[in-house]
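For reference, the structure discussed in these notes is given below.
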Amino acid sequence: MHKIAAELRHRELTQEIYNIGDEVAEYLEHLIEAIEDWDEELCMDCLAELGDIVEDARVDSGRCVGELMGLRQALVSGVRSGTISAASSGVNDVEEPEQLTPRLLDERFPISKPIVVHELAQSLRYRTQAVADYLREVVEYVLAQTDAVARNLDMVSLPHLYKRTGESALIAVQAWKHTVLDTHPAYVRTMRGHNPPQFLEERARVAAVVEKVRAKREAARRATTA
């Protein structure tokens, strides 16, 4: 591969790594919005979508890193030497968030017996917010680790990172379901719908634009065949 072509391909693949991390983070944020709206059904849909995105990310990141390693070896050897550092520095000082389990939620936000209504409501809100905050920490961790790998391919394994991300999100949602959704469904119903997810509005806007374009094309097709 010509030097300039190799450099361009290197930039493309590096950007693709960032894009993969951004997409995983975006679907984690969708999950957070569903939780903050106390919407169990949407939460499970978002979790399923995240699972699909994680699987794609594992495959795509492995492919990108493999090709980048080959390019970097080529660009630092022979007549191409000096173009790219073989071991660009990568910062990897962000610790992985501690797994959030039902036990942790129970310990941090206990529900006393006999139950006092306002204390119960407070504990359930705190538990829900704790799950959302934890997932935000996971988002920051994913973005930081993705950036570190983009700078230094030997930093961590992105396929393993995204696999752990999907597992951590699943465990956190199961903790929320076990300690909030399944134990106090009546209160959950009163909270649902007070904080509509923004990503649903964006999806509706995009769907409306797509439908408008489709309708125009259909009208134009009918006009040409009339």
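For GLU119 and ALA48, what is the calculated FRET efficiency with R₀ set at 25 Å and r taken between the beta-carbons, to the nearest 0.05?
With a Förster radius of 25 Å, E is 0.15.
Checking the a/c ratio against 1.5 first, then a/b against b/c, what shape does the Cα gyration tensor give for the chain?
Oblate is the answer for the chain, as a/c is 1.5 or above yet b/c matches or exceeds a/b.
Suppose each label sits 7 Å from its Cα in the direction of the beta carbon; what would the GLU96-ALA220 distance come out to in nanometres?
It is 5.1 nm.
Could you give each residue of region 100-115 its phi-based ³J(HN,Hα) in whole Hz, using Karplus coefficients 6.51, -1.76, 1.60 with θ = phi - 60°, and x for Gly or Pro?
With coefficients 6.51, -1.76 and 1.60, one gets 9, 10, x, 4, 5, 5, 5, 6, 6, 10, x, 10, 6, 10, x, 6 Hz.
Which of THR14, THR190, THR225 has the fewest other C-beta atoms within 10 Å, and how do the rest follow up to the most?
Ranked by crowding around the Cβ, least crowded first: THR225, THR190, THR14.
If packing is taken as the average number of other Cβ atoms within 10 Å across a peptide's residues, how do 103-110, 114-121, 171-178, 49-56 rank, most packed first?
Packing order, densest peptide first, comes out as 171-178, 49-56, 103-110, 114-121.
With angles folded into 0 to 90 degrees, how steeply does helix 40-75 sit against the dominant principal axis of the chain? Use alpha carbons for both and round to 10.
Computed tilt is about 20 degrees.
State the extension gain, in nm to one decimal, for the chain segment bounded by TYR126 and ALA5, taking 0.36 nm per residue of separation less the distance between their alpha-carbons.
So the extension gain works out to 38.3 nm.
Please give the FRET efficiency for ASP154 paired with GLN15, using the beta carbon to beta carbon distance and R0 = 22 Å, rounded to the nearest 0.05.
Approximately 0.65, to the nearest 0.05.
Consider a paramagnetic label point 7 Å from the Cα of ARG108 along Cα→Cβ; state which residues of region 127-164 have an amide N under 11 Å from it.
127-137
So what are the ³J(HN,Hα) numbers for region 169-181, from phi and the Karplus equation (6.51, -1.76, 1.60; θ = phi - 60°), rounded to whole Hz, Gly and Pro as x?
5, 4, 4, 5, 5, 5, 5, 5, 5, 5, 9, 10, 4
First select every other residue whose beta carbon is under 14 angstrom from the beta carbon of THR224; then total the charges, Lys and Arg +1, Asp and Glu -1.
+3
Lys/Arg Cβ at +1, Asp/Glu Cβ at -1, dipole of the chain taken about the Cα centre: which of VAL131, PHE109, LEU42 is farthest positive-ward?
Highest projection toward the positive end goes to LEU42.
In region 35-51, which residues have a backbone nitrogen under 16 Å from the label point lying 7 Å from LEU200's Cα in the Cα-to-Cβ direction?
What the label zone holds, given the 16 Å backbone N cut-off, is 35-49.
Tabulate in residue order the Karplus-calculated ³J(HN,Hα) for region 189-194, using 6.51 cos²θ - 1.76 cosθ + 1.60 with θ = phi - 60°, rounded to whole Hz; enter x for Gly and Pro.
Whole-Hz 3J(HN,Hα) from phi for region 189-194: 5, 6, 8, 5, x, 7.
Read the figures in this text as sums done on the coordinates, not as results from a lab. Since the structure is predicted, the reported quantities are computational estimates derived from the model, not experimental observations. Please note: Cβ atoms are built from the backbone with ideal geometry, for glycine as well, and neighbour counts cover all protein chains shown.
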